[in-house]
Structure formats: structure tokens, C-alpha cells
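Structure record follows, encoded as C-alpha cells.
Values quoted throughout were computed directly from the atomic coordinates according to the rules given, and no laboratory measurement underlies them. Source: prediction; values computed, not measured. Neighbour counts run over all protein chains shown; Cβ positions are idealised from the backbone, glycine included.
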Amino acid sequence: MSGEERSQLFKSIADAFIQCGQPYGNRLSSHASYVSSSPSSSPESQSAAIDVIALALYSPTLFYFDPLFKLDAVVSAKDHEAFSLLQVFLSSGLPELHSSLESHPAILEKYELD
């Protein structure tokens, strides 16, 4: 299977988990697999990287975000508002969270993180 075919397979799996309403762990895992198998510069990969960040932040059972920073597409989204929120949860405290939310007041609602 080519790299592109593998990437499309992961994308199909991720889409199927979303359509079936599967738990966030399954959705996050399949999206992360898709992101890691796609070229980090592609628009699809960038969009999926933002989805991975939002899913990770929304997950009620995920508290360890380091693996996301090993995904090139996630790191390349460093200028996105969701990435800045992810960084807060990785290495900052409550004052940084409040500052980030003041800078991006609609982010919680936009990504259903409220």
C-alpha cells in the first residue's frame, strides 16, 4: 500500500468514527494516524491537525499532550489559535490559560470546548 493510500485509509477510518459517534479516544487516535501519515504541508493535513488538537483538548480522559508535538502537521500549525491553547495545557498554568482565552475569546465555542 502506498503512503497516499495508507493516509486515505486512516482518513476513512477517522471519518467513520465521527459518523458513528465513537468515543473521543478512537476518533483522536484515527485522526492522529491520518495526520502522521499525510504530508504535513498539505491543506488536508493542516485541517486534520487542528481537528486532532481540538479532539485532544475536548477529551475528558486525555491529560498528556506531548505525543501531539511529535506530529509535524500539528507543529506546523503553531500560528493557529488552537495550537496556542494546546501549548497552555502542555506547559503553562491558569494565568496563561486566562490570557490565551482573552486573546481568542471564541475558541472554546468554536471547537466545542466549553
C-alpha long axis of helix 81-91 to longest principal axis of the chain, angle in °: 70 degrees
Average silhouette area of the chain, convex hull of alpha-carbon atoms, in square nanometres: 7.0 nm²
Length-normalised contact order for the chain - Cα pairs under 8 Å, 6+ apart - percent: 21 percent
Nitroxide proxy distance, nm - points 7 Å out along Cα→Cβ at Leu101 and Met1: 4.1 nm
Acute angle (nearest 10 degrees) that the helix 24-37 long axis makes with the longest principal axis of the chain, alpha-carbon atoms: 70 degrees
Between 0 and 90°, nearest 10: helix 94-103 axis offset from the chain longest Cα axis: 80 degrees
Net charge of neighbours whose Cβ lies under 12 Å from the Cβ of Lys11, counting Lys and Arg as +1 and Asp and Glu as -1: -4
Estimated 222 nm signal from helices in the chain, with DSSP H stretches of n ≥ 4 weighted -39500 (n - 2.57), rounded to 500: -20500 deg cm²/dmol
Estimated distance in nm for a label pair at Lys70 and Ala16, the labels positioned 7 Å out from Cα along Cα-to-Cβ: 2.5 nm
Derived scalar couplings ³J(HN,Hα) [the range 52-64; Karplus, 6.51 cos²θ - 1.76 cosθ + 1.60; whole Hz; x for Gly, Pro]: 4, 4, 4, 5, 5, 5, 7, 4, x, 10, 9, 10, 10
